[in-house]
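Okay, structure first, notes after.
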Amino acid sequence: MDEDRGIAASAATAEKRRDDMVRAALDVIAERGYTDTRIADVAERAGTSPALVIYYFTTKDNLLTEAVRLAEDQWYELGAARMAAIGSATGRLEWLVGATCIPQTDAGVPEVWALWLDLWAQALRRPEVARVRAEFDARWRATIAAIVVEGEEAGEFSPVDPTAFAVTLSALLDGLAVQIALGDPVVGPATAFASAMTFASERLGFTWSPDGAGGGPPD
């Protein structure tokens, strides 16, 4: 019994140590960018040694993918709570688009797009990072498609292929988010939000206007 407790305590300690390193990597990469982040920087932020970080993650690429995974999980957790309180599929889609385009101020939720830019850059030439990128994109498209199905079943949306719509809208949002992340002087958050919602409303057959009721970015 004592031996079992010792094993469980050791496993819990190892899991917490690993979690601390991922959170440290998330903070450092978000601040400095992937290229300028060193294993030593993450170790210092986590209060551990570079050797231990390498032991747990092997490569800096693995740290990047785990940091993005943590940020994504936090973002989806926030989104699930917010969308659960919205009574229509149209409202949930509007929140999702707004949360993608409009900078979030929630404590503890990092800006995901800067991390995604680093992930995309590494995925271009690193197969393992590319595999994780595909996993994250599949989750994103499935989230959009699920809202479309809900809207069709509720009679809010015109019939479309949910998967095809999700592919197109996610690609549009990705492209707009790159412009926002790079500080483009023409494509800012409000413009991106309006563009994406105009496309969605026209494709799904619901009425939306940036000047109408419910037509502004979500809180």
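The values are calculated or read from the model by the stated rules, or taken from the named source; none is laboratory data. Everything numeric here is computed off the predicted structure, so don't read it as measured data. Here the Cβ positions follow ideal geometry from the backbone for every residue, glycine too, while neighbour counts run over all protein chains shown.
Of note:
- Filtering Ala181, Ala123, Ala171 for residues that are more than 27 Å from Glu31 (Cβ to Cβ), in the same structural domain as Ala84 (by TED's automatic domain parsing), among the small types (Gly, Ala, Ser) and within 17 Å of the chain's Cα centre (by Cα) leaves a single hit, Ala171.
- From Asp118, Asp137, residue being crowded, with 18+ Cβ neighbours inside 10 Å, closer than 19 Å to Val68 by Cα and either without any contact (Cβ under 8 Å) to a residue 40 or more places away in the chain or charged (D, E, K, R) (or both): Asp118
- Cross-chain or 6+ apart pairs with Cβ under 7 Å, segment 174-196 first and without any contact (Cβ under 8 Å) to a residue 24 or more places away in the chain and within 11 Å of Pro103 (Cβ to Cβ), then surrounded by 18 or more Cβ atoms within 10 Å (Cβ to Cβ) and among the hydroxyl-bearing types (Ser, Thr, Tyr): none
- Checked against (1) of a type in the set (A, V, I, L, M, F, W, C); (2) out of contact with any Ser or Thr (no Cβ under 8 Å at 6 or more places or on another chain); (3) at pLDDT 95 or above, Ile102 passes all but condition (3).
- Of all residues in segment 79-90 being at pLDDT 95 or above and part of a helix (DSSP H, G or I), the one that is nearest to Phe199 (Cα to Cα): Thr90
- Check on Val148, outside the structural domain of Thr37 (by TED's automatic domain parsing) and at pLDDT 95 or above: yes
- From the list Trp116, Trp140, the one residue that fits, being outside any loop (DSSP other than H, G, I, E, B), at pLDDT below 90 and under 12 Å from the mean Cα position of the chain (by Cα), is Trp116.
- Single residue of Ala46, Ala71, Ala80 found to be out of contact with any helix residue (DSSP H, G or I) (no Cβ under 6 Å at 6 or more places or on another chain) and of a type in the set (Gly, Ala, Ser): Ala80
- One residue stands out among those in segment 62-78 that are over 22 Å from Leu182 (Cα atoms) and either of a type in the set (A, V, I, L, M) or at pLDDT 95 or above (or both): the one that is surrounded by the fewest Cβ atoms within 10 Å (Cβ to Cβ), which is Leu78.
- Scanning segment 27-46 for residues that are crowded, with 21+ Cβ neighbours inside 10 Å and more than 12 Å from Asp118 (Cα to Cα) yields Val28, Val42, Ala46.
- Test: residue in segment 47-61 that is out of contact with any Gly (no Cβ under 6 Å at 6 or more places or on another chain), of a type in the set (Gly, Ala, Ser) and surrounded by 14 or more Cβ atoms within 10 Å (Cβ to Cβ): no
- Residue in segment 151-185 that is surrounded by the fewest Cβ atoms within 10 Å (Cβ to Cβ), counting only those that are acidic (Asp, Glu) and modelled with pLDDT under 95: Asp184
- Test: Ala134 is closer than 30 Å to Thr58 by Cβ, aliphatic (A, V, I, L, M) and in the same structural domain as Ala67 (by TED's automatic domain parsing): yes
- Within segment 31-50, the set of residues being part of a loop (DSSP other than H, G, I, E, B) and β-branched (Val, Ile, Thr) comprises Thr35, Thr37, Thr48.
- In segment 64-78, the residues that are assigned to a helix (DSSP H, G or I) form Cβ pairs under 6 Å with partners that are hydroxyl-bearing (Ser, Thr, Tyr), at six or more places apart or across chains, as follows: Leu64/Tyr34.
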